[in-house]
Amino acid sequence: MRMIIASLVLLIVAACQPAPSGTAITNVTVIDAVNGVRENQTVVFAGDEITAVQGAQVELNVVETIDGTGKFLIPGLWDFHVHLSYDDNFTEAMPALFLSYGITSVRDTGGLMHKMLPIVEKMRGPDAIAPRVYFAGPLLDGRFVVYDGDGRPEIGVQNATPEQARETVRSLKEQGVDFIKIYEMVSPDIFQALVETANELDLPIDSHVPLSMRASTAGPSVDSMEHLRNIEMDCASNTPALHEERIERLKNPGNLSGADLRSSLHSLQRLPAIANYDEARCDQTLNALESTMQVPTLRLLAMSLTPPWQRADWDDALSRLPPAAAAPWLETTLERRANPPQEVDTTYGDWGLFMTGRAHAAGVPIGAGTDTPIGFAVPGYSLHSELEFLVRAGLSPLEALKSATLRPAEYFSLQNEMGTIDIGKRADMVLLDANPLIDIANIRAVVTVVTKGQSLTREELQAQLATNRE
Ligand SMILES: [Zn+2]
């Protein structure tokens with residue numbers, strides 16, 4: 001009789017127990033920018049949602065268990081500045097490359113719509129194994145266009161009048177962009193028209209500081225700025241004179257191309273502006289930027305300090321690229337290693353590190369972006385380098401992680417969905433073999449990546465990459 005009752009109880013218990021679901025990562029150290037460090041945790045996710053974060057000793061009813069003992073779980077990383085359509089040799093390979101390095105979201109800051117829309121559609125497809133993607137469409141330039149397809153890829157468009165600028169933004173919104181990107185050759189009236197229309201349509205704004213404006217004037221109107229570009233001009237003791245000189249030259253009496261006009265101004269003014277750095281004036285500049293995220297792309301700006309080909313794992317990174325993409329970089333690598341330059345001017349790189357640290361100390365939000373694949377940026381790999389540069393500039397490892405997790409989420413008002421490891425957040429996470437807070441370089445120790453609720457081991461990620469190289 002007792003046996004029968006016991007069996008009945010078991011049956012009832014079994015009947016009440018829901019079918020197992022989801023995946024648990026057990027006994028893991030969880031690290032994120034809001035909760036800090038939580039040891040001995042079990043994190044459960046089901047579909048694209050984190051359903052539990054709790055002490056390790058819990059009853060589990062899951063389909064799969066991943067042993068997180070001795071490992072570290074961080075939110076999925078963002079690369080906040082990429083160009084998916086910049087180089088056809090990279091485009092197809094980029095989603096798998098990003099994921100293999102733990103990048104589960106990307107912000108594309110410039111590409112023509114007819115190229116971007118199919119890329120985005122494919123990456124957002126129901127079965128796609130790809131990072132989440134947020135995109136701006138083309139660089140919104142002024143009367144002169146820098147990226148006009150002549151000698152460099154065509155990723156910019158002209159806005160010759162304020163009316164045209166308004167129409168461009170409306171059309172981009174209709175086509176589904178997530179934000180807009182304003183470029184360097186716009187005049188103040190075009191800038192104003194772009195900003196007003198984006199605000200009306202609730203689109204976040206990314207920008208370079210237009211050469212016709214000052215960082216402290218343009219900055220407060222936009223949500224993020226790239227490369228610290230033209231900030232040096234606003235931090236100089238002779239800012240008004242530099243500004244006047246720029247306005248004169250932007251009239252373009254020599255009829256230069258947009259690209260040449262821009263680079264002639266950079267070469268003329270950048271280093272003199274840095275030489276005339278003025279502490280008090282820079283305080284004013286950074287004050288004006290307190291709510292404008294700066295994406296310094298230090299791995300590009302400060303490349304002179306640590307060129308990628310000097311890194312021990314650079315050859316491995318190149319080997320993961322499609323051969324056509326790797327070939328020119330491999331050639332440069334071999335050439336630079338054989339003939340290292342005797343003297344390298346690191347003024348701009350040093351300034352980039354200094355200004356990033358200074359902006360961060362002044363409370364300016366910092367975002368982690370790379371500009372991949374421009375300038376030797378292996379997709380995914382380069383974001384790890386960027387995080388190392390951010391720590392070198394003065395951010396703590398946890399603050400560097402914040403710049404690649406919570407900050408980007410905040411930019412798109414997604415902080416309730418992404419950026420930390422909490423119940424209800426989307427299931428984008430990276431499991432590491434080593435502690436990134438001890439050394440940010442440990443960000444490279446990726447074991448497993450969870451993307452949109454799907455977990456992929458290092459081997460599975462490698463297999464994805466292999467299909468790129470066939
Ligand atoms: Zn860019």
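Considering the conditions (1) under 24 Å from the mean Cα position of the chain (by Cα); (2) in a loop (DSSP other than H, G, I, E, B), GLY142 is excluded by exactly one of them, (1). Filtered by the rule that a residue be out of contact with any strand residue (DSSP E or B) (no Cβ under 7 Å at 6 or more places or on another chain), over 21 Å from LYS251 (Cα atoms) and either at pLDDT below 95 or among the hydrophobic types (A, V, I, L, M, F, W, C) (or both), segment 151-186 gives GLY151, ARG152, PRO153.
With within 15 Å of the chain's Cα centre (by Cα), more than 18 Å from ASP439 (Cα to Cα), of a type outside the set (Phe, Trp, Tyr) and more than 16 Å from the ligand (Cβ to nearest atom) as the only criterion, which of LEU401, LEU390, LEU406 stands out? I'd like the intermediate steps shown before the answer.
Details: LEU401 fails: more than 18 Å from ASP439 (Cα to Cα); LEU390 fails: more than 18 Å from ASP439 (Cα to Cα).
None of the others qualify; the one that does is LEU406.
For segment 447-456, the set of residues classified as farther than 17 Å from VAL62 by Cβ and assigned to a strand (DSSP E or B) consists of VAL447, VAL449, THR451, LEU456, listed by residue number. Between GLU196, GLU248, the distinction of being among the acidic types (Asp, Glu), farther than 25 Å from TYR277 by Cβ and free of Cβ contacts under 8 Å to residues at least 40 places away in the same chain belongs to GLU196 only. Here is the figure for segment 337-386: residues that are over 20 Å from SER105 (Cα atoms), charged (D, E, K, R) and either outside any loop (DSSP other than H, G, I, E, B) or within 16 Å of the ligand (Cβ to nearest atom) (or both) total 3.
Might you let me know whether segment 196-209 holds any residue that is in a helix (DSSP H, G or I), at pLDDT 95 or above and of a type in the set (A, V, I, L, M)? Yes; the residues of segment 196-209 include at least one that is in a helix (DSSP H, G or I), at pLDDT 95 or above and of a type in the set (A, V, I, L, M).
Just one of the listed residues (VAL82, VAL53, VAL43) is under 27 Å from the mean Cα position of the chain (by Cα), within 16 Å of the ligand (Cβ to nearest atom) and touching a residue at least 60 places away in the same chain (Cβ under 8 Å), and it is VAL82.
Would you mind finding the one in GLY375, GLY367, GLY352 that is farther than 26 Å from GLU279 by Cα, touching a helix residue (DSSP H, G or I) at 6+ places or on another chain (Cβ under 6 Å) and touching a residue at least 40 places away in the same chain (Cβ under 8 Å)?
On the way: GLY367 fails: farther than 26 Å from GLU279 by Cα; GLY352 fails: farther than 26 Å from GLU279 by Cα.
Going through GLY375, GLY367, GLY352 in turn, just one is farther than 26 Å from GLU279 by Cα, touching a helix residue (DSSP H, G or I) at 6+ places or on another chain (Cβ under 6 Å) and touching a residue at least 40 places away in the same chain (Cβ under 8 Å): GLY375.
Can you pull out the residues in segment 65-79 that are away from the ligand (no atom under 16 Å from the Cβ) and in a strand (DSSP E or B)? Scanning segment 65-79 gives THR65, ILE66, ASP67, PHE72, LEU73, ILE74, PRO75, LEU77.
Within segment 224-245, being at pLDDT 95 or above, within 16 Å of the ligand (Cβ to nearest atom) and assigned to a loop (DSSP other than H, G, I, E, B) holds for HIS227, LEU228. Please enumerate the residues belonging to segment 85-107 that are buried (at least 20 other Cβ atoms within 10 Å of the Cβ), within 15 Å of the ligand (Cβ to nearest atom) and in a loop (DSSP other than H, G, I, E, B). Passing the criteria: SER85, TYR86.
ALA288 meets each of the listed conditions (1) among the small types (Gly, Ala, Ser); (2) more than 21 Å from the chain's Cα centre (by Cα); (3) under 30 Å from ARG336 (Cβ atoms) apart from (3). Among what's in segment 246-274 and is within 21 Å of LEU139 (Cβ to Cβ) and either among the basic types (Lys, Arg) or within 16 Å of the ligand (Cβ to nearest atom) (or both), pick the residue that is surrounded by the fewest Cβ atoms within 10 Å (Cβ to Cβ). Applying the filter and picking the extreme gives SER263.
Which residue out of ASP350, ASP371, ASP422 is under 29 Å from PHE135 (Cβ atoms) and either among the hydroxyl-bearing types (Ser, Thr, Tyr) or surrounded by fewer than 23 Cβ atoms within 10 Å (Cβ to Cβ) (or both)?
Numbers: ASP350 fails: under 29 Å from PHE135 (Cβ atoms); ASP371 fails: either among the hydroxyl-bearing types (Ser, Thr, Tyr) or surrounded by fewer than 23 Cβ atoms within 10 Å (Cβ to Cβ) (or both).
Result: ASP422 is the single residue among ASP350, ASP371, ASP422 that is under 29 Å from PHE135 (Cβ atoms) and either among the hydroxyl-bearing types (Ser, Thr, Tyr) or surrounded by fewer than 23 Cβ atoms within 10 Å (Cβ to Cβ) (or both).
Residues in segment 174-204 that are more than 16 Å from the ligand (Cβ to nearest atom), over 22 Å from PHE80 (Cβ atoms), touching a helix residue (DSSP H, G or I) at 6+ places or on another chain (Cβ under 6 Å) and of a type outside the set (Gly, Ala, Ser): ASP189, ILE190, THR197.
Restricting attention to segment 291-310, the residues that are within 21 Å of MET94 (Cα to Cα) and assigned to a loop (DSSP other than H, G, I, E, B) add up to 1. Just one residue in the set VAL37, VAL62, VAL44 is surrounded by 18 or more Cβ atoms within 10 Å (Cβ to Cβ), part of a strand (DSSP E or B) and out of contact with any Phe, Trp or Tyr (no Cβ under 6 Å at 6 or more places or on another chain); that residue is VAL44.
Would you check which residues across segment 50-59 are surrounded by fewer than 16 Cβ atoms within 10 Å (Cβ to Cβ) and either in contact with a Lys or Arg (Cβ under 7 Å, 6 or more places away or on another chain) or of a type outside the set (S, T, N, Q) (or both) and list them? Break it down into steps so the answer makes sense when it comes.
Filtering segment 50-59 for residues surrounded by fewer than 16 Cβ atoms within 10 Å (Cβ to Cβ) gives 54-59.
Within segment 50-59, GLY55, ALA56, VAL58, GLU59 qualify.
Number of residues in segment 45-87 that are under 27 Å from GLY367 (Cβ atoms) and of a type outside the set (Phe, Trp, Tyr): the value is 17. Listed by first and then second residue, the pairs linking a residue in segment 205-227 that is within 17 Å of HIS83 (Cα to Cα) and among the polar types (S, T, N, Q) to a residue that is more than 16 Å from the ligand (Cβ to nearest atom) and modelled with pLDDT of 95 or more, with Cβ atoms under 7 Å apart and 6 or more places separating them unless they lie on different chains, are SER207/ALA218; SER224/THR292.
The values are calculated or read from the model by the stated rules, or taken from the named source; none is laboratory data. Every value quoted in this text rests on a predicted model; they were computed, and no experiment measured them. Cβ: placed from backbone, ideal geometry, glycine included. Neighbour counts: every protein chain shown.
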